[in-house]
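Okay, so here's the structure we're looking at.
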Amino acid sequence: MDRLTSPGKSALILLVTGPYESDHEAHVRRHLAAQLASALGLRFAGVRQGMRVDEADTYVIPDATLTTPQPGVRSDQDLYGGVVAQPFMASKAISHPLVDSNATAPDGWSERFMELAGDVVLPGYSAFDLDDALSAGMQLLSQGPLRAKVVQGRAGRGQQVIQSPSELESWLDQQDAADVRRDGVVLELNLQSVRTFSVGQLRIGGLVASYFGTQNLTTANDGAQVYGGSDLWLVRGDYDALRREIPDALARQLIQQAQRYEQAAEAAFPGFIASRRNCDVAVGLDPRGQQRCGVLEQSWRIGGASSAEIHALLTFAAEPSVQRLQASSWETYGESPVIPPGVVVLYQGDAAATGPITIGVRVTPWQQPVTTSN
């Protein structure tokens, strides 16, 4: 379907599954929830804390991918987000295999996902034990520098490029063994001159929209380079419809890789549901100077690009003749930033978690072909 229809619920809630979000995240998410509730003809019932949805008449926007059982979530039309059977299935740990058949694995681990998606990700390993991580890292270092990632890291944080065995050992010494057993770590081949793109799809109220996008970096108040927003090219329809609108051959390849990654999750993970699908796909040069591309991770929950996604969805719903458009999420740090033309500010303030930050969104007509060239 290409029209937004009510999912047959009475209300929409924001579900907070852990500690309450920071001020700026909470403010933006309440705005997005209220906008989506209005578009779906639902009452916005505010914020609830918990990890389970029991009510069949409530549409939910959780702040994390939910884990089963979820009696109130029967299909992707019951939420903006996703449901998986085990926590690791919602993390970047699924993007790589274990180092060997004797490696420590979480409950529910299966090699089926890698059998289906192994050729659309970068070379690397996931590890749920520090000794396994050391073994995996040593194997990767024989090919060149690696990138070590904390699985729960977001916005580009929690990563380090490792050049030598001593650096690997030092990084692993800094990790908590219990956290690694619970969440895992990722070790993958490091790319130079890397560019990260976004591929995603929304399945909301019967309307399907798919997108390809670029990610922007910005400088946080502590000087770190972090996520600064996404520029998305969206079409009304599925990934095939998206590829038809994009002439760039590499962009079409990245879209296909993300689609393959999603299809592997659908086939390998029992009970998998996702109405909000977002993949980070990287393109860069490996240590031999050869171009490589692959899916880094997925997000089946509300995220940084969600403001662009939802505002684009509202435009598609309000203007049935619009078949394609552009939308951007935008984040910057510091006092009194320059607001780009057309950006609607969703939050501006001195947030406790980040310091001064401004968050906005912009929707514009489809202005130019997507290109993956620098």
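The values are calculated or read from the model by the stated rules, or taken from the named source; none is laboratory data. Everything numeric in this text was worked out from a predicted model, so none of it was measured. Neighbour counts are summed over all protein chains in view; Cβ atoms, including those assigned to glycine, are modelled from backbone coordinates with ideal geometry.
For segment 279-374, give me every one of the strands (runs of 3 or more DSSP E) that falls completely inside it and has 3 or more residues that are without any contact (Cβ under 8 Å) to a residue 60 or more places away in the chain and more than 25 Å from Glu262 (Cβ to Cβ).
344-351, 355-365
Please give the number of the condition Ser75 fails out of (1) at pLDDT below 95; (2) within 23 Å of Ala264 (Cα to Cα).
Unmet condition: (1).
What are the residues in segment 220-229 that are within 13 Å of the chain's Cα centre (by Cα) and either under 15 Å from Arg362 (Cβ atoms) or part of a loop (DSSP other than H, G, I, E, B) (or both), if any?
To start, the set of residues in segment 220-229 that are within 13 Å of the chain's Cα centre (by Cα) comprises 227, 229.
Matches in segment 220-229: Gly229 only.
All but one of (1) farther than 25 Å from Asp78 by Cα; (2) modelled with pLDDT of 95 or more; (3) of a type outside the set (A, V, I, L, M) hold for Gln367; which doesn't?
Going through the list (1) farther than 25 Å from Asp78 by Cα; (2) modelled with pLDDT of 95 or more; (3) of a type outside the set (A, V, I, L, M), Gln367 breaks only (2).
Anything in segment 276-295 that is closer than 16 Å to Leu140 by Cβ and surrounded by 22 or more Cβ atoms within 10 Å (Cβ to Cβ)? List them, or say none.
Gly294
Just a yes or no: is a residue in segment 184-196 farther than 14 Å from Ala148 by Cβ and out of contact with any strand residue (DSSP E or B) (no Cβ under 7 Å at 6 or more places or on another chain)?
Within segment 184-196, none of the residues are farther than 14 Å from Ala148 by Cβ and out of contact with any strand residue (DSSP E or B) (no Cβ under 7 Å at 6 or more places or on another chain).
Residues checked against (1) out of contact with any Cys (no Cβ under 8 Å at 6 or more places or on another chain); (2) at positive phi; (3) of a type outside the set (D, E, K, R); (4) not in a loop (DSSP other than H, G, I, E, B):
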{"position": "Met51", "(1), (2), (3), (4)": "yes, no, yes, no"}
{"position": "Arg74", "(1), (2), (3), (4)": "yes, no, no, no"}
{"position": "Phe88", "(1), (2), (3), (4)": "yes, no, yes, yes"}
{"position": "Val99", "(1), (2), (3), (4)": "yes, no, yes, no"}
{"position": "Gly108", "(1), (2), (3), (4)": "yes, yes, yes, no"}
{"position": "Asp119", "(1), (2), (3), (4)": "yes, no, no, yes"}
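State the number of residues belonging to segment 267-314 that are within 30 Å of Ala34 (Cα to Cα), in contact with a Phe, Trp or Tyr (Cβ under 9 Å, 6 or more places away or on another chain) and not aliphatic (A, V, I, L, M).
Looking only at that region, the number is 14.
Evaluate the following for Val83: is it outside any loop (DSSP other than H, G, I, E, B) and crowded, with 17+ Cβ neighbours inside 10 Å? Spell out the reasoning first.
Numbers: outside any loop (DSSP other than H, G, I, E, B): yes; crowded, with 17+ Cβ neighbours inside 10 Å: yes.
It is true that Val83 is outside any loop (DSSP other than H, G, I, E, B) and crowded, with 17+ Cβ neighbours inside 10 Å.
Among the residues that make up segment 255-262, is at least one of them in a loop (DSSP other than H, G, I, E, B) and not polar (S, T, N, Q)?
No: zero hits.
Could you please find all residues in segment 98-151 being in contact with a Lys or Arg (Cβ under 9 Å, 6 or more places away or on another chain) and of a type outside the set (A, V, I, L, M)?
Across segment 98-151, the qualifying residues are Thr104, Pro106, Asp119, Pro123, Gly124, Ser126, Phe128, Asp129, Gln143, Gly144, Lys149.
To keep it simple, each residue is scored yes or no on (1) crowded, with 19+ Cβ neighbours inside 10 Å; (2) over 19 Å from Gly237 (Cα atoms); (3) not aliphatic (A, V, I, L, M).
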site	(1), (2), (3)
Gln298	yes, yes, yes
Gly304	yes, yes, yes
Leu313	yes, no, no
Ala318	no, no, no
Leu325	yes, no, no
Trp330	yes, yes, yes
Ile339	no, yes, no
Thr364	no, no, yes
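Might you check whether a residue that is of a type outside the set (Phe, Trp, Tyr), within 23 Å of Gln256 (Cβ to Cβ) and under 15 Å from the mean Cα position of the chain (by Cα) occurs anywhere in segment 94-113?
Within segment 94-113, one or more residues are of a type outside the set (Phe, Trp, Tyr), within 23 Å of Gln256 (Cβ to Cβ) and under 15 Å from the mean Cα position of the chain (by Cα).
Out of Leu202, Leu232, Leu217, Leu187, which single residue is assigned to a strand (DSSP E or B), surrounded by fewer than 19 Cβ atoms within 10 Å (Cβ to Cβ) and either under 18 Å from the mean Cα position of the chain (by Cα) or of a type outside the set (Asp, Glu) (or both)?
Answer to the selection: Leu217.
Does at least one position in segment 122-130 carry a residue that is over 22 Å from the mean Cα position of the chain (by Cα) and in contact (Cβ under 8 Å) with a residue 12 or more places away in the chain?
Yes, segment 122-130 has at least one match.
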